[in-house]
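Note sheet for the following structure.
The values are calculated or read from the model by the stated rules, or taken from the named source; none is laboratory data. Not measured: the values here are computed from a predicted model. Positions of Cβ are backbone-derived with ideal geometry, glycine not excepted, and every protein chain shown enters the neighbour counts. Keep in mind that these areas ignore ligands, DNA and RNA; they rest on the heavy atoms of the full protein, side chains included. Shrake-Rupley method; radii C 1.70, N 1.55, O 1.52, S 1.80 Å.
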Amino acid sequence: MEIHKLLPKTSFVPFKARRLVNANVVYANLPLFHEYGYFREYEEKSEEFYNQILDYFAYIVPHSDRDISLVGKEEKEFLAERYGGAGILANGGGARCGLSGPFSLKGIGPAPVVGRDVDYWYSHGRMGLEEALTELFYSHIAYAALPNASSRVLAVIDTGGTILQRSFRQSLNPYDDDCKHVRAGIIVRETQVRPAHFARAFYFKPSQYMKDHHIHDHERVRHVIPFLPDAVGVNDFSLNSGQKFRLAIEEILSKSALQLAYSKVRRLMHGSLGLSNILVNGGWIDFGSATAVPAYEQLITAELQPAYWDEVFLFQKTAADMCFYVRKFQIETRNILSNSADFYHKFVNTYINHLRILFVEVTGIPLFLLKNLVNNEWYQKFGSLLLHVAHMENPKARISDWVLHAEQPSHCWKAVSLRYILQKFFYQYWIDCKGAPPNLPIKAALLNELWGAYSVLCGEIEKQIRIMELDRQALANYIAFNMVRQLIGIVPLYRGHMLNEVAEKTNLGVSTEATRNNIELMFERYNCLASIHYRSPVDFRLLIALNDRQMRLFFDIETNKYRLEIPQAALVEYGFSEKLRVTCFSASKETLTFSQKDGEENYIYTYINVSDDSIDLPLSEIALFDGKNTVLLLDFFPGFDHLYSAYLTAMQGLEIPPEQTWDKFLDFSNAS
């Protein structure tokens, strides 16, 4: 999206940056560039392709003598975005960003919208390479996990230089702090319109250049407000002007409520959802404080920002600001938008309604069975009870050290946790087939309400599966997998764990090629985890394992079997010829045989083939996790045994153990 074509020229400030001479591309997403019509002459990545990216995007605005040594004389023009909101301090917009076509470069150096007297940390305009890489990973995780499209990173560039990075003990003077020099990076990301484009940068202290050559921020907002309905996609000609503006604000808030609800249920936290960090489509941008979190507790991941469950309150300010500025500059809306509290109350109601529905989905019951029950009053009541339990996990706000300082978490699920209760309910109803609630250390009234609602829900589900002629045991297997995949902690996606891995895999002693390979592996691994744990299944098959070569493992409720899908190309590309010899692959014979040698012995695996590129695995085969038959599944699906052991815990009614260490499960390089 080329937002400079959607908003007036007064929303942008042209400036020039200079070409970096020693930069390297450490990550580039060629298919995503193709979607935008860029670099289509390249079918695969090459040095020539990387050089083209550098020619397009390897530019900075020199800020110091150190920066001058990094650049040549070649210049290119970019556009700085002007926008408002409380989160930008005394700046007047994107202080370290520059637009080029449909892309935004973040870390380009101080843009003209940097304010006077802004402290060093918010005015130098650069970003560390580690920050750039975590922004890459979380932008795609959010895109996969949440319903509204977030701004994805397409490329990461190592500038060849360094910047100062502050410690936790912060000082306004960078040289008074415990700082260190770290590698500097630039990200190339998608651009989209933010609500902040339509709000004042109230504390903006413009430079003399901005005063002399560009209109005042007040006038900038006056110019941009009429563009709001079109930017949101409200173009119904039957509506008058006031109705269009009202609908535009309602659309922004409604989509943001949906996005926020999904993020809360899936335990994915942005950390700083101000006016300038959300998009008009409800998506997210700027992931500097984003992280997956282990539980439904009141974690704080960014300075001066609200805790996990309190992020909803930020939208009160969003609603108030949007109504205020539209009312101020569009006279015909002054009666229609007179009370911003109405918009916020509607936002909260929408948000809570989505939470109720989504928390019932966490039970693991398939969506194709739940969709017919959503409008029942008892369904909504059950969702409210589960939301209440989630709020109980740890109601006291705290800054999580492992999120900020990269310490390995040792979180244990408590007896009042949602996972604990749902797993006990699942075993009691679907496996033990008992009509009484399990013995849990919670108040009897709450326990009876929860169990009563769960029993009613499951009773309705059993009616449906009898009509559909689905096997009850198959449904129990599906529910167990679907429940634990949503509720187990995803340790590799915790920010601390990710920062540790980024630091290890991108240190200065690693070559550019090795760094690219390491980043590609991390990117694929994180995306696989996001696809497995966050995406909702839409049919009878539940995705439970995925790897970087698109080899997929499903549980199929219709057959009560595991379905293994291997793309034809992966039979060779994935390294089967080295690790597993394909001795027979015949669609006509409908069999696929793998042969693997281990010392003197030879192990043969034969499965029923239901199509040219898939295999059905009986339940008995996948359950052999203690013997050598684990080779096929575990070697090719890193992290799967963490999910599978959680599944067994649910099926056998065992106590939930502390979160496991994932390190030994996460190396894709050993899988080929």
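Some points to look at:
- If the condition is being open to solvent by 50 Å² or more (accessible area, probe 1.4 Å) and polar (S, T, N, Q), then the stretch 341-359 contributes N349, N353.
- The selection criterion, being touching a residue at least 24 places away in the same chain (Cβ under 8 Å) and open to solvent by 10 Å² or more (accessible area, probe 1.4 Å), holds for L275.
- Residue list for the stretch 56-68, filter: in contact (Cβ under 8 Å) with a residue 24 or more places away in the chain and among the small types (G, A, S): A58
- Being at pLDDT 85 or above, within 27 Å of F554 (Cβ to Cβ) and part of a helix (DSSP H, G or I) is a property that L475 has.
- Selection from the stretch 295-329 of residues that are outside any helix (DSSP H, G or I) and within 19 Å of L355 (Cβ to Cβ): A295, Y296, E297, Q298, L299, P306, A307
- Which numbered condition G489 misses (of (1) assigned to a helix (DSSP H, G or I); (2) open to solvent by less than 60 Å² (accessible area, probe 1.4 Å); (3) within 22 Å of Q652 (Cβ to Cβ); (4) at pLDDT below 95): (1)
- So S238, is it free of Cβ contacts under 8 Å to residues at least 60 places away in the same chain, of a type outside the set (A, V, I, L, M) and more than 27 Å from L273 (Cβ to Cβ): yes
- Matching option when the condition is small (G, A, S), touching a residue at least 40 places away in the same chain (Cβ under 8 Å) and open to solvent by 60 Å² or more (accessible area, probe 1.4 Å), among A86, A90, A80: A86
- Restricting E513, E524, E558 to those that are in a loop (DSSP other than H, G, I, E, B) and either on the phi < 0 side of the Ramachandran plot or within 21 Å of the chain's Cα centre (by Cα) (or both) reduces the list to E558.
- Filtered by the rule that a residue be acidic (D, E) and open to solvent by 50 Å² or more (accessible area, probe 1.4 Å), the stretch 494-519 gives E504, E513.
- Residue list for the stretch 100-114, restricted to those being open to solvent by 10 Å² or more (accessible area, probe 1.4 Å) and either aliphatic (A, V, I, L, M) or more than 29 Å from T515 (Cα to Cα) (or both): P112, V114
- Qualifying residue in the stretch 530-551 (condition: hydroxyl-bearing (S, T, Y), assigned to a helix (DSSP H, G or I) and either open to solvent by less than 50 Å² (accessible area, probe 1.4 Å) or closer than 19 Å to R485 by Cβ (or both)): yes
- Residue in the stretch 187-203 that is among the acidic types (D, E) and outside any loop (DSSP other than H, G, I, E, B) present: yes
- Residue in the stretch 190-209 that is without any contact (Cβ under 8 Å) to a residue 24 or more places away in the chain and open to solvent by 50 Å² or more (accessible area, probe 1.4 Å) present: yes
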